[in-house]
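*Asks:* Provided herewith is a single structure, encoded as structure tokens, for subsequent inquiry.
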Amino acid sequence: MPQIRVTVWGENVHERTNDVVRGIYPAGMHQCIADALNSAPGITATTATLDQPDHGLPPGRLEETDVLLWWGHCAHGEVRDEVVERVTEAVWSGMGAIFLHSAHFSKPFKRLMGTPCNLTWREAGERERLWLTSRNHPIAAGLPDHFELEQEEMYGEPFGIPDPMETVFVSWFQGGEVFRSGVTYKRGAGKVFYFRPGHETYPTYHDANVQRVIRNAVEWAFNPAPRLADPSDAPNVPVESALEPIEHRGPSLHAHGEEGFR
């Protein structure tokens, strides 16, 4: 199996502005996640952050990324639209994407889902219990039937996402809410996984089970096939190129070979 090239994208805002977050993740949440991935055989993880030129994702970077992880929270609106389109096109072309915690409101995730992605929430440091709903799913490999995080932010249903392809985890919180915490999608040629835990004021990304989920998800999202060259291509196929002989009948809006309306 080839080495999986991972880019871990993080805002890196809370880590620089909040003492609690800085104490838990002195090198940033993105680096904590990348370090855990780099400890696994077959994965090479690098990082990118909001404050870098092109948010760390200039043209060409995503062509060298097999799986992109995205964590965002307070600066969703600062992500430039051209970078969002770059990420979207890469997923459509075959790149895997994993969105973590508050990245449910990130521009790339909302663009790929096409829905508001809204939910209920409470920041009270309550216990979260994650249950496997698909024991044999590759993302759940090596995990117990349930595991707990002693402190987490609550996310509750209804969750404004499209019906997932698969639900791998559901969460229960001390306050009584439940949530679809691990869901999968296909978007174009790319696989997408959303994983809920990861509030910045708690040490979630140091948890061994959380790290295992993320490693499993990277391996699941990896697509070894060549990228689609132009996933948005919608060619006007001329009559003479039809597989069976046909003749042109009736009026047309478009000239021979002309591109369609977008």
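*Asks:* About the Cα centre of the chain, how large is the charge dipole given +1 on each Lys and Arg Cβ and -1 on each Asp and Glu Cβ? Please answer in debye to the nearest 20. Can you show the working numbers first?
*Replies:* Values: 23 positive and 36 negative charges, 71 e Å.
Dipole about the Cα centre, nearest 20: 340 debye.
*Asks:* Taking a 1.4 Å probe, which of Leu243, Leu132 shows the most accessible area, and what order do the others take after it? Working shown, then result.
*Replies:* Working: Leu243 170, Leu132 30 Å².
From most accessible down to least: Leu243, Leu132.
*Asks:* What number, in percent, do you get for the relative contact order of the range 109-262 if the mean sequence gap of Cα pairs under 8 Å and at least 6 apart is divided by its residue count? Numbers along the way, then the final one.
*Replies:* On the way: 239 pairs, mean separation 29.2, N = 154.
Rounded, it is 19 percent for the range 109-262.
*Asks:* Hey, which aspartates and glutamates would be in cross-link range of Lys107, C-alpha to C-alpha under 12 Å, not counting anything within fewer than 8 residues on its own chain?
*Replies:* Glu78, Asp81, Glu82, Glu85
*Asks:* Here's a follow-up. For the chain, report the accessible area per residue in Å² (1.4 Å probe, heavy atoms, rounded to an integer). Could you put the intermediate results ahead of the total?
*Replies:* Working: 12590 Å² over 262 residues.
Per residue, the chain has an accessible area of 48 Å².
*Asks:* Same structure, new question: By the gyration tensor of its Cα atoms, with a ≥ b ≥ c the square roots of the eigenvalues, what is the shape of the range 57-159: rounded for a/c under 1.5, prolate for a/b over b/c, or oblate? Intermediate values should be presented prior to the final figure.
*Replies:* Numbers: a/c = 2.31, a/b = 1.44, b/c = 1.61.
It comes out oblate by the Cα gyration axes.
*Asks:* What part of the accessible area of the range 71-180, given as a whole %, is carbon or sulfur when the probe is 1.4 angstrom?
*Replies:* Numbers: 2350 of 4670 Å².
Ligands and nucleic acids excluded, carbon and sulfur reach 50 percent.
*Asks:* Figure the gain on full extension for Thr46 and Ser252 (residue separation times 0.36 nm, minus the Cα-Cα span) and round it to one decimal in nm. Before the final figure, lay out each step's value.
*Replies:* Numbers: separation 206, 0.36 × 206 = 74.16 nm, distance 5.09 nm.
Here the answer is 69.1 nm.
*Asks:* As a test of the formula, what do you get for the chain when each DSSP H run with n ≥ 4 contributes -39,500 (n - 2.57) and the sum is divided by the residue count, at 222 nm and rounded to the nearest 500 deg cm²/dmol?
*Replies:* Values: 6 runs with 54 residues, N = 262.
Dividing the helical sum by the residues of the chain leaves -6000 deg cm²/dmol.
The values are calculated or read from the model by the stated rules, or taken from the named source; none is laboratory data. These figures come from a predicted structure and were not determined experimentally. All Cβ positions, even for glycine, are placed from backbone atoms using ideal geometry, and neighbour counts span all protein chains on display. Accessible surface is based on the protein model in full, side chains and every heavy atom, while ligands, DNA and RNA are left aside. Shrake-Rupley method; radii C 1.70, N 1.55, O 1.52, S 1.80 Å.
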